[in-house]
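Notes follow the structure.
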Amino acid sequence: MHTSDVTPISGSVGPGVILAALNLRSMNTLAPAPHGDDLEHLGLTRDFDAMSVRQFSNGFQGKSSGAMLVKAAIKLREGYEGKDMPWSSRRMHNWTYNPAKHQVLHVGPFLFPDPDLLSALIDLYFAHKNLYFPILHRPTFERSIADGLHTHDIIFGSVVLLVCAIASRYSDDVRLQQENEPLRRGWQFFDQLPPHSNHIFQTPTVYHLQYYCLAAWFLEFSSPSACWALIGIGLRLAQDVGAHRQREGQPTVESELWKRAFWALVSFDRQISMTHGRTCTSQYEDIDADLLIECDDEFWENEDPARAFVQPADKPSLSSFFNCYLRLNNIFAVGLKMLYSLNKTKRLLSYRDQAWEEHIVAELDSALNGWIDRIPPHLRWDPNRPEDAFFDQSVFLYCSYYQVQMTIHRPFIPMMRNAVPTSLPSLGICTNAARSCSQVAETSRLRRKGVPVPEILSSVFASGVILLLNVWSGKRTGLPPHMNSAITEVHKCMATMRVCETLWQSAGVCYDILHELATIGQLPLPKDVTPPDSVSSNPGKRTRENDDEVQVPPASAPAVSYPPTGNIYHPTHSDSTSAVNTPPIAHQFGPLPTYTTDLGKMPVFHQSTPRLSESMSSWYPTQSATPFGRPDFATGVQLPNGGADNVFNMDHLFASDVGIAWESNHAFTLDGMSSDVQAMWANAPTNFQYAVHPFYFILGIIDLANRVDDWGVYFSVMSELSQGLQL
């Protein structure tokens with residue numbers, strides 16, 4: 001061996017040189033035996049082989065699966081109840097339907113909707129999608145349509161068709177109904193698109209980038225593999241014209257649209273790559289493109305060049321949201337690369353620092369705290385914010401933030417993990433981030449009167465799974481499930497899924513999963529669960545009878561603060577910044593904890609309102625107007641002497657109000673968890689792929705269902721897998 005291969009690295013060189021040297025030297029040395037974490041994707045392949053769906057093994061699915069999380073939860077439930085329970089509540093249409101199979105090859109000119117319907121769909125698109133991802137400039141977009149560009153320019157016509165396809169899911173116009181199949185809504189426009197491969201032989205334009213953004217968004221909840229490929233093509237086209245690099249000169253409409261389309265591709269690439277456990281197409285250090293100019297569409301153009309792209313000082317910009325989201329997304333990308341990489345990358349990072357993970361997490365937490373401090377005032381959480389558009393952006397922003405918190409701290413739950421134990425309070429952070437996310441989603445659902453927000457589905461579903469595990473953990477520590485406030489928060493997550501499930505296929509599957517997981521644990525479910533047939537096809541109306549009406553408490557209920565039963569309005573975004581008469585709803589919930597230290601200090605387990613029957617326990621709100629960062633205990637529970645400072649030690653509270661005998665030091669904290677509970681969390685997947693967000697495991701299931709003909713065996717196989725855990 002050459003002497004340079006073993007020469008110690010000098011301590012006088014910088015850390016960047018050390019990292020590069022270690023990386024280069026590793027290329028000339030014999031690779032060590034693969035780490036177990038790097039081989040978990042092989043077990044996933046074997047599981048799919050057991051399901052007789054070998055076609056799926058042709059696509060790489062990352063290092064671990066959300067199915068392992070489900071198996072761990074099943075194991076905990078079986079150990080507690082000592083029996084198996086079947087998976088019987090699934091609705092197979094959600095699991096097996098493939099809208100692409102009904103696609104009919106289109107020949108001839110594009111068929112656009114009637115002018116009045118086209119105008120209505122454009123309104124819906126800008127109100128529901130461009131609000132979050134502003135890749136289109138409305139004035140120029142509508143001018144191009146008025147000039148008839150969509151009738152003779154194929155790529156711009158394709159963009160218009162995709163706008164119609166996405167907006168169709170928010171419309172109840174009878175002309176958009178697809179043979180009584182809501183899941184086909186919008187496909188009459190998508191089916192007309194030319195083959196995607198045609199674009200690689202053309203010089204990329206901004207319309208091409210917009211096309212790939214829109215196509216991926218439309219397919220996101222039914223064909224995630226197609227999304228991943230489309231986003232990859234779009235980013236390569238963007239790099240081909242240098243959209244990832246900083247530009248000089250005065251901004252123009254076209255240059256700003258290039259930036260917006262590029263950053264939309266980057267942010268979505270990070271999410272969809274996580275779906276499959278694959279490396280992102282573009283890394284943070286490879287990009288130096290400027291963020292968006294924070295200026296609303298109507299102020300882009302002006303006869304006086306000096307006044308173009310100038311936002312009025314007294315009017316916050318809608319595009320401020322996307323910049324804020326991108327800064328969070330950049331932190332998220334660094335966390336993914338550092339914490340969910342292959343083990344050989346982790347060996348480089350651990351050089352001379354065995355506690356490197358804790359140090360990186362501390363830096364990520366610090367970055368998130370700094371991000372929170374920089375949120376513009378009009379986007380800070382306020383459930384009674386009068387402007388509809390800013391409220392909706394705030395919902396998405398805070399749900400995304402709590403999702404990032406869960407992503408960063410998930411690998412460190414709990415102390416009994418495969419690697420060196422850490423002192424990070426990650427279990428409390430993940431659990432309370434999930435609680436906060438469910439609170440934000442529920443506030444949105446009540447205020448929007450059931451109008452769907454599919455952008456938050458992944459955050460809400462991940463929160464629901466973590467909260468269910470919290471409930472099962474509470475059972476092992478002696479806290480009955482109906483006394484655990486987490487079950488009410490799970491119901492909030494399920495309600496959000498049900499609002500979207502009619503037209504977004506994965507939402508129905510996610511609801512079935514949460515329902516099944518709760519049923520497996522014999523947990524109290526909402527009393528308003530109706531048969532799966534009673535579903536409306538109109539997302540602007542109630543998806544089930546009484547689903548969006550707040551339940552009225554029993555007559556014998558104690559006096560508590562509960563959601564109002566009327567006058568919760570339907571936002572239209574007709575004037576995105578106009579004030580409306582919004583009934584106050586802040587009294588339902590306490591303030592949101594935001595800083596990592598606040599989430600980590602809150603208890604892992606919360607007690608719901610005591611001395612209530614099971615039928616009442618699923619209704620009562622569990623959060624009161626407590627001081628910032630304090631636990632969200634049920635309204636009406638009188639704290640013992642000592643006030644709020646004693647809520648972190650709950651022995652006396654449970655002993656006096658519930659009658660459960662506790663040992664003196666058996667508080668509901670991480671230290672009080674049983675070894676079985678910690679083992680459950682340790683067995684949960686901690687690696688890149690679906691482990692980060694179980695929602696993406698569900699998307700993988702749907703994607704797999706689109707490749708095979710029979711998915712009815714899924715739950716029977718899951719039962720066999722759970723039985724195998726006992727062998």
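Figures for the structure shown
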| quantity | calculated |
| --- | --- |
| Pair list, Cβ under 8 Å, 6 or more apart: the range 100-125 residue more than 14 Å from GLU142 (Cβ to Cβ), other residue part of a helix (DSSP H, G or I) and of a type in the set (D, E, K, R) | HIS102/ARG184; PRO113/ARG175; ASP114/ARG175; LEU117/ARG175 |
| Qualifying residues in the range 193-208 (those that are modelled with pLDDT of 95 or more and not hydroxyl-bearing (Ser, Thr, Tyr)) - the one surrounded by the most Cβ atoms within 10 Å (Cβ to Cβ) | VAL206 |
| Candidate set from the range 314-336 (those that are touching a Cys at 6+ places or on another chain (Cβ under 8 Å) and at pLDDT 95 or above); member that is surrounded by the fewest Cβ atoms within 10 Å (Cβ to Cβ) | SER319 |
| Among (1) of a type in the set (Val, Ile, Thr); (2) in contact with a Pro (Cβ under 8 Å, 6 or more places away or on another chain); (3) modelled with pLDDT of 90 or more, the one test that VAL460 misses | (2) |
| Failed criterion for ARG447 (all others in (1) within 17 Å of the chain's Cα centre (by Cα); (2) at pLDDT 85 or above; (3) part of a helix (DSSP H, G or I) hold) | (1) |
| Test: residue in the range 338-352 that is closer than 18 Å to THR407 by Cα, modelled with pLDDT of 95 or more and surrounded by fewer than 17 Cβ atoms within 10 Å (Cβ to Cβ) | no |
| Selected residue (only one of ASN432, ASN384, ASN418 is assigned to a helix (DSSP H, G or I) and either among the aromatic types (Phe, Trp, Tyr) or at pLDDT below 95 (or both)) | ASN432 |
| Helices (runs of 4 or more DSSP H) contained entirely in the range 132-207, each with at least 3 residues that are under 17 Å from PHE218 (Cα atoms), within 30 Å of the chain's Cα centre (by Cα) and of a type in the set (A, V, I, L, M, F, W, C) | 154-168, 187-190 |
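Residues are listed down the side, and each one gets a yes or a no for (1) in contact (Cβ under 8 Å) with a residue 40 or more places away in the chain; (2) in a loop (DSSP other than H, G, I, E, B):
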site	(1), (2)
ARG236	yes, no
GLY249	no, yes
SER255	no, no
ARG260	yes, no
SER267	yes, no
ARG270	yes, no
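Results for (1) touching a Leu at 6+ places or on another chain (Cβ under 7 Å); (2) more than 30 Å from GLN250 (Cα to Cα); (3) not assigned by TED's automatic domain parsing to the domain that holds SER267, shown as yes or no for each residue.
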{"residue": "LYS337", "(1), (2), (3)": "no, yes, yes"}
{"residue": "LYS346", "(1), (2), (3)": "no, yes, yes"}
{"residue": "TYR351", "(1), (2), (3)": "yes, yes, yes"}
{"residue": "PHE390", "(1), (2), (3)": "yes, no, yes"}
{"residue": "VAL395", "(1), (2), (3)": "no, yes, yes"}
{"residue": "ILE413", "(1), (2), (3)": "yes, yes, yes"}
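The values are calculated or read from the model by the stated rules, or taken from the named source; none is laboratory data. Note that the structure is predicted; figures quoted are calculated from it, not measured. Here Cβ is always computed from backbone atoms with ideal geometry, including for glycine, and neighbour counts include all displayed protein chains.
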